[in-house]
Amino acid sequence: MKNTFKTYAIAAAIGISAIGVSCKKMLDLKPENLTLAADALKTTADVQALLNSCYDEFANLMNGSVQNIHELLGENVAQPQNSAGSLYYTIWNRGTFSFRTADREYLDFYNCILRINTIFERIDEVSDMTPENKKRILAEGHFLRAWCQWELVKLWAQPYGYTADNSHPGVPIRLKADKTIELRASVGAVYNQVLADLDAAIADLPVNNNNYANIASGKALKAKVLFLMNDFTGAQTLADEIINSGTYTFSDTFSRFVKGAPEEVIFQLISTGNSDNRGGSFINNYRADNNPNPVLKPSASFAAVAMQGHDLRSKFYEVKNKGKANEFYLCHKFDKDFFNVPLLHLSDFLLMRAECIVENGGDKTKAIADVDKIRKRAYDTNWVAIDPLISLSALKDSIRHQRRLELAFEGDWTLQLRRRGAKGENIKIRNSDWNCPGMLLQFSQSENTAGFIFNPEGGCN
Amino acid sequence: MAQNPTLTGKVKNQNGKAVEGAVVKTATGETTTTTDVNGNFSISLAVGNYKLIINAKDYQEATEVVSVTAGQTSLRDFTINTSSEGGEVVVIGYGTTTKRDLTGSVTSLKGADVQDMPTSSFEAAIQGKAPGVQITTGSGVAGSGTLVRIRGVASISAAGDPLYIVDGIPISQNYFVNGNNGGFNNNPLATLNPEDIESIEILKDAAATSIYGSRGSNGVILISTKRAKKGGLKFDFTSRLGTSQPTFRPEMLNSKQLLQMYQEAWENDGGTGRAPLPNNISWEEAEKTNTNWVDETMGMGIKQMYSLGTTYRKNKLGVYMGLTHDNNGSFVIGSRYKRNSARLNLDYEPIKNLTLSLSSSYTQGVNNRVDGAWSGGFGAAMSTALPFYPIRDTSGNYWRPGAGSLNPVAIRNLKDWRTTENRTINNFRASYKISDKWSVSAFGAIDNMDFFEDIYEPKAMINTNHAGIAKRSPRSNFNYNYNLITNYNIINSEKQSLDAMVGTEFQKSVVRSSYIEVSDMHHALYKGEQGDSASTRFERKNATEAFAFASYFLRMNYKLKNKYILQFTMRTDGSSRFGPNNAYGFFPAVSGAWVVSDENFMRNFRRNNFLKVKAGFGRTGNTPNENYAWRGTFTPPQNSFGYNGNPSIFPTRLQNPDLKWENSDVLDVTVEGGLMKNRITWELSYYNKTTNGVILDLAVPRSLGFSSYYDNVGAVRNAGLEFSFTSRNIVKKLFTWTTQFNIARNYNEILNIGVYTQDAVSGGTNDTRVVVGQPIGTNYLVRFSHVDPATGRPVYLDRDGKETFTWTNNNRVAVGSVLPKAVGGLTNNVTWKNWNLSCLFVYKIGGNIYNSSGKRQNGVVTDWNMTTDYFDHWRQPGDVAKYPKLSMQTDQYGLPPDPYQYNTTLFLEDGSYLRLRNLSIGYRIPAKWFGKSIQSSRITFTGTNLLTFTKYTGGDPEIARDFENPADRNMSSNITYLTAPQEKSYNLTLNLTF
């Protein structure tokens, strides 16, 4: 009996401890098909792949998604259909609120920033990183972080210049990949961060970088930022540099939304095929050759400006049910299966430089030359040069008119109107003040933490 | 005179323990003896057959026939069962005890308690029968899930369901195996055959549940299946036939009424001419059509069940076999749940003191699915399927303008949709009694479920020139555990006993899933995989998910003078769901019981009465639902499309190595008693449960770069009272009447949620929030004041209570909760001769219902149908009406440009109800009708949900809608969104034992 007792006691003890001995291993279950964060960034290729994902995410935002929001807030598109729960309908009515706003865009821009900050924090963990690669990767990170932060502040805050010291609330600035909650920084602080990132990018970006950001992209983006800050001197200097570099050539065709690499394009989003289409949100919402009733259509006021004879660009637009109560317009600018999306291109900078020259009281003939390049391409054989004696104010109107037509539905015009309003011009956007609260998107309810200031709502209609 | 032979033996209880002081006497009362401390007795009897009666305090009287032979000392042992006063056997974690010795809070139900009602899943039949257990049956859709809450809900993002353990294995219980696809959550418990259940124990407090440690926080439900008992071969056959009808039919507008409403809205908005109608329907067409979509989607279902149970017990072998076929047709046309189930339970003693037990079951559940709720079907009949839409166009084809859900009949008939679950639950136990004091047991179990969802969409449905598309989502869940347990009786004297149990256990669950899509098919994949020549097959394997628990546990029971009982339990759990910083949790509990009526000072009282006090304090826990919530992860390169032709990787979750157990500290005090020789028994309990480190899947500020994050934030308190009594009002030979009543009041409060606001966690798309100082599942809504008689516009209240025409989410306030104030049930059983009548009322007091679809039905006029209740709307100045003027414009209601935002208290109602849950009338057919071949037979007529008393105007007040995730399940019971009503059924059951 004693022996039996011993045998069983030992057996039980072994059995019980057997589980204990292997417990740690048995509980260390790792997810299949996912890499653990600690193991994810071991090589330069890993970091490069993470950086590539930032471009990927950024491209999926600038595929029309963000541009469409600016257009919906402005005067170029007609009211989308009133279908319940439609975000576009809510944005067009300038009625976003914390339960229905552009959550996806807000999150994804910050997710892109999170990825970049992860690179910044972990790049030194990689053993095979050359100094050149590190310099380039960090510079591209600064470039993309600046751009994401800038896109956020444009949608969720009043423009630069809305207050004299730009102390009005902007968006949270995120410089770390952690869980610390940041409140809204002032618009001035956000722009300072954007410019600091761009300067860091310009300092280290390479001259050539395949389809990724190069030094010209950095400068071009900074020019756009400065222009929107009404810093015409800074914007003109950079626009001059880009235009005069000779790297980019003004093309004969005004269609920049194509599959290849147009010679006037400085930076574009790359689509490699139907299933890798970075123009999806333009195509899905505007495309009219295979859809009689697209979600987004030009407004009557835009059509009245754009559908004038002799302008080759008017071929982009079509009237339906002409003269009837249910007359509406279609936009054919994006009637393709896929294309690259040009975000920085020479047409923009020609118009920018022209306007800057006028604003800075510079050489009028130079401004006329710039805008006439655009006009000549648009009016072709019907082109008539601008009278050199044109008044500065009329010249500015002409430049802005061309900007509205040339960059139509690219998300530019509404921002220009808001910029001009901040500069002190008397601007109405679709019958409402340029700075009415509804021109800003509301923050998602998830931002509702202690001290977070939400945007006022309504007041635009 | 020759000396009489001697009969000697031992009297033991059902646990094999010696019973001291048992009286053994002949039926005539001539000869009597009493057992000693070891239960032994010796009695001198003349040769012959005797009927012996064994009596012992706290035990049921037992009668046995013995033969006494000349010149021999006969040996005979007796086993007696503890009495209902406190001796009833109760299954507890890793063992059994008696009700008398129980220190924790446990409700025991017999299998018959869940077999008396025709529910497709056993847990639905618990409703009203267990105090403190709130059961909300999903809906009348076949196979739908049930919401079970034990003593409130303590978790928010982690699952709030109790842990279900079948014959020792914690079964996989994922309600979201198929998300809420089609407006429906799969019920993981539907594959457990109610006919196999012997007993159900519901463990409620820490004294009872802490032995399950990390997963006992929301209570534990132990299910024991049938095993062979005494007696040779016995068959039990049950057949049931029944009907299924809705308890409520939504009253939607017909064509004429709806057209009038459209026109009125149009004219109110300043429109001239005829109102535009949705989907380009002309008025001429609309006036010619009047489809009653409710009738087209809800009818009467037929239910059938056939069950054969066989038990055999002889010598060392016990066998139970069960075969059941269930076929539950729902009133929702096209919805049906079929179940075929087989079970084999074996018990065998190959050598003395060694018992081997095997339990094995296999069930196939086939659910014929239709869309419901927001996904279409009857949900469309209550919303987007308008009465002026035809089923078929003039050519005889299904009328299908774009969005498919506009014609639910077409979708139902075209789409072949079914889910199949093949589940097998098996366990094997070997128990060896080393000595009278010491035993060991080894246990291993496997619970495997293979789940397939098959959807076939023919070309007529998806508007293609090709053949249709067949989709299949297979998912297998392999779950196993094993444990080693040893029991040792350290002290066993006349006055005191001390028992110890030590054990260790490991459990692992692995889920594998994939998705298959085959184009150009002519049928669903369950009918074969052969498509036409153009078929292409796509298959994606999803990430495998797994979790594991490794545990040690200990229980010590000390009993003094059979009236002071002390229990200590502890469990250490290690979980794969936490990082190394917090992998292990410790869950102790101490509890005691005092049989007050056994004290001398109660001598006069105890003769006819029983009184016991018990109290316990301990800790239980919970883990997040996600398996890898603490780990920081990146996508691997092969899973990403990349950019510019180059690969990309990116973080998918930030690491939180500090994520830890959600801990509940639970105090329970219970007093139980019996009066008038236990003609009345009662129990009163108080509990207080504080849950700290509540796991929240936080909706964090999106500026962090991610949208949600698991963290331990905040605290929740549940406190309550439970009372139950059973009264045997009349106990006569031919007439008995028993009443059972229970009521439970639970108080629930969120004590804090850290730095986060009420929107940090939301109940899915529903308007319940987490508000400090309020219960989980607080309705957080803008208050609707009244309809302005002058303008017909809705008047809201702002946060300060001032009237305003403008709705803004800043004016949302806490306006009550979906959690009830009290729930319970009242059962009456009457028997008279061969007849019996049983009647169960269940009730719920308090708890709001939010009719979330009401805001679209009876709100801004859109492309939804309306209910007849909407006739009570404002028409002209001076009108006092329930609803505002009709308008198609959101700004007329002061809303943002989105009619979905009309979430106001206008659609919030009191959800109290009293329901005749079950009424059955049975007749026991006299045995002489069949002769000897049939031992007993019975015919029963049962009606369920026959009557409901409620003030709720929106339909059926018992609501558990389809949920999006565990947080939604915890927070949004009683929110209805086109949810199907419950089922009313009439059934006829025949039971034969032979």
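Laboratory data are not the source of any read-out in this text; all were calculated from the coordinates shown. Given the structure is predicted, the values throughout are model-derived calculations rather than measurements. Quick reminder, even Gly has a Cβ in these numbers, built from the backbone with ideal geometry, and neighbours come from all protein chains shown.
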Handout entry: Relative contact order of the stretch B:559-657, defined on C-alpha pairs under 8 angstrom at six or more residues apart (%)
Key = 24
Exercise for the section: Under 1.5 on a/c is rounded, so check that first for the stretch A:288-331, then, if it is not, pick prolate when a/b is larger than b/c and oblate when it is not; a ≥ b ≥ c are the square roots of the alpha carbon gyration tensor eigenvalues. Expected result: oblate
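Which whole number gives the average, over all residues in A:443-451, of C-beta atoms from other chains lying within 10 Å of the residue C-beta?
For peptide A:443-451, the averaged partner shielding equals 6.
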Problem - Protection proxy ranking, peptides A:360-369, B:683-692, average beta carbon neighbours within 10 Å, highest first - result: B:683-692, A:360-369
Fill in the blank from the handout: HN-Hα couplings for the stretch A:56-73 via Karplus (6.51, -1.76, 1.60; θ = phi - 60°), in whole Hz with x for Gly/Pro, come out as 4, 5, 4, 5, 6, 8, 8, 7, x, 4, 6, 4, 4, 5, 4, 5, 5, 6
Completion exercise
The farthest towards the positive end of the charge dipole of chain B, of the residues B:Leu258, B:Ile455, B:Met556, given +1 on Cβ of Lys and Arg and -1 on Cβ of Asp and Glu, is B:Met556
Practice task
Would you work out the charge dipole size for chain A about its Cα centre, treating the Cβ of every Lys and Arg as +1 and the Cβ of every Asp and Glu as -1, and quote it to the nearest 20 debye?
Solution key: 880
Exercise for the section: Between B:Asn292 and B:Leu241, with labels modelled 7 Å along Cα→Cβ, what's the label distance in nm to one decimal, could you check? Expected result: 2.7
Completion exercise
Taking alpha-carbon centroids only, the stretch A:250-292 lies from the stretch A:383-427 a number of Å equal to 24
Exercise for the section: Note down the magnitude of the dipole of the stretch B:220-372 about its Cα centre, charges +1 on Lys and Arg C-beta and -1 on Asp and Glu C-beta and zero elsewhere, to the nearest 20 debye. Expected result: 2040
Practice task
Enumerate the residues in the stretch B:323-346 having an amide nitrogen under 19 Å from the point lying 7 Å beyond the Cα of B:Tyr312 toward its Cβ.
Solution key: B:323-324, B:342-346
Fill in the blank from the handout: Nearest-0.05 FRET efficiency for A:Thr381 and A:Asp289 at R0 = 22 Å, using Cβ-Cβ distance, is 0.25
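Please label the shape of the stretch A:299-419 as rounded, prolate or oblate, based on the square roots a ≥ b ≥ c of the eigenvalues of the alpha-carbon gyration tensor (a/c under 1.5 means rounded; beyond that, a/b larger than b/c means prolate, else oblate).
The shape class here is prolate.
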Exercise for the section: Let me have the relative contact order for chain A, percent, based on Cα pairs under 8 Å that are six or more residues apart. Expected result: 20
Exercise for the section: Give me the distance in nm between label points sitting 7 Å out from Cα along the Cα-to-Cβ direction at B:Lys882 and B:Leu75, one decimal. Expected result: 7.9
Handout entry: Using alpha-carbon coordinates, inclination of helix A:103-122 to the longest axis of chain A, degrees
Key = 60
Fill in the blank from the handout: Rounded to whole angstrom, the alpha-carbon centroid of the stretch B:550-604 lies from that of the stretch A:85-99 at a distance of 57
Fill in the blank from the handout: Along the dipole axis of the protein assembly as shown (charges at Cβ: +1 for Lys and Arg, -1 for Asp and Glu; origin at the Cα centre), the most positive-end residue among A:Phe443, A:Ser255, A:Gly64 is A:Phe443
Problem - Sequence-separation-based contact order of chain B, relative, with Cα cut under 8 Å and 6+ spacing, percent - result: 12
Exercise for the section: Please give the FRET efficiency for B:Trp283 paired with B:Thr953, using the beta carbon to beta carbon distance and R0 = 35 Å, rounded to the nearest 0.05. Expected result: 0.65
Problem - Phi to ³J(HN,Hα) by Karplus 6.51 cos²θ - 1.76 cosθ + 1.60 over the stretch A:325-331, Hz, x for Gly, Pro - result: 4, 9, 5, 8, 10, 10, 10
Fill in the blank from the handout: Taking B:Leu358, B:Leu886 and counting other beta carbon atoms within 10 angstrom, the fewest-first order is B:Leu358, B:Leu886
Practice task
Would you mind classifying chain B by shape? Square roots of the alpha carbon gyration tensor eigenvalues, ordered a ≥ b ≥ c; an a/c under 1.5 is rounded, otherwise it is prolate if a/b is larger than b/c and oblate if not.
Solution key: prolate
Fill in the blank from the handout: Counting every C-alpha pair in the protein assembly as shown, the percent lying more than 54 Å apart is 36
Practice task
Along each of the three principal axes of the Cα atoms of the stretch A:348-438, give the extent in whole Å, ordering the values from largest to smallest.
Solution key: 43, 28, 20
Problem - Nearest-20 debye value, the stretch A:288-331 charge dipole, Cβ charges on Lys, Arg, Asp, Glu - result: 80
Problem - Charge dipole (the protein assembly as shown, unit charges on Cβ, about Cα centre) - positive-most of B:Leu895, B:Tyr796, B:Leu914 - result: B:Leu914
Fill in the blank from the handout: Between B:Arg249 and B:Asn40, Cβ-based FRET efficiency (R0 41 Å, step 0.05) works out to 0.05
Handout entry: Taking B:Thr868, B:Thr486 and counting other C-beta atoms within 10 Å, the order from fewest to most
Key = B:Thr868, B:Thr486
Exercise for the section: List the residues whose amide H sits under 5 Å from the amide H of A:Ser271, counting only those 5 or more places along or on another chain, with H placed 1.01 Å from N in the peptide plane. Expected result: A:Arg278, A:Asn340, A:Val341
Problem - Sorted by Cβ density within 10 Å, fewest first, the residues B:Met521, A:Met129 - result: A:Met129, B:Met521
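Extension gain B:Asn752-B:Ala814, at 0.36 nm per residue separation less the Cα-Cα distance, in nm?
Extending this stretch completely gives an extra 20.8 nm.
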Completion exercise
Two pseudo-spin positions, 7 Å from Cα along C-beta at B:Thr536 and at A:Lys42, lie apart in nanometres by 3.5
Problem - Backbone HN-Hα couplings from phi across the stretch B:777-787 [Karplus 6.51/-1.76/1.60, Hz, Gly and Pro as x] - result: x, 7, 6, 10, 9, 6, 7, 8, 8, 6, 8
Problem - Reachable aspartates and glutamates, given that their alpha-carbon falls under 19 Å from the alpha-carbon of B:Lys928 and they are not under 8 places away in the same chain - result: B:Asp236
Handout entry: Euclidean distance between Cα centres, the stretch B:838-861 to the stretch B:612-630, Å
Key = 32
Handout entry: Principal axis dimensions, the stretch B:510-650 - Cα atoms, whole angstrom, descending
Key = 89, 43, 19
